[in-house]
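Values quoted throughout were computed directly from the atomic coordinates according to the rules given, and no laboratory measurement underlies them. The shown structure was predicted, so the numbers you read here are calculated from the model rather than taken from an experiment. Neighbour counts are summed over all protein chains in view; Cβ atoms, including those assigned to glycine, are modelled from backbone coordinates with ideal geometry.
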Amino acid sequence: MLYATSEGQAGLIGQSLAEALEIIIGLPSWRDRLKFSGSGDLEVMRTTAAHLGRDELRDETEISAARVRLTSALGMKLGSVPALLARLHAAVSVTAPDFVLTVRTGDEYESLFGPWLPNLNPAWR
């Protein structure tokens, strides 16, 4: 499944709709995990995931219950956060060269991997 932003980034987020939904549900801040990935470094993504996990527990107290209800309704079983993060990283990593999205002018969308590091977020220092 290819995901494209209105800001000009695109990439695979799963090999199927079911895989993409598992990542979206299991990693609610999945876009931020990519944005603060140090251009696709899995270790940086793990650090970002730890920060976001704490933020979600603190700020979005209902998210765990909602995740359980949603996966139950869809008949899904979520993998662990580390496993989902690794799958997301792997999917985005294989986007190029076969799945690069282009516009009519031939310009290519940028990778979903952002260049930022977690220490650039003042709340995570």
**Q.** Most fluctuating residue given options A65, A83, A50, as computed from a GNM of the chain linking Cα atoms under 10 Å
**A.** A65
Q: Please identify, among L74, L85, L52, the residue showing maximal mean-square fluctuation in a Gaussian network model of the chain using a 10 angstrom Cα cutoff.
A: L74
(Q) Taking R0 as 30 Å, what FRET efficiency do you get between E62 and Q15 from their Cβ-Cβ distance, rounded to the nearest 0.05? (A) 0.50
Q: Could you point to the label whose value was computed as mean projected area of the Cα convex hull in nm² for the structure here, given [x] 13.5; [y] 8.2; [z] 9.6?
A: [y]
(Q) As a test of the formula, what do you get for the chain when each DSSP H run with n ≥ 4 contributes -39,500 (n - 2.57) and the sum is divided by the residue count, at 222 nm and rounded to the nearest 500 deg cm²/dmol? (A) -14500 deg cm²/dmol
Q | Over the stretch 12-125, relative contact order from alpha-carbon pairs under 8 Å, at least 6 apart, % | A | 42
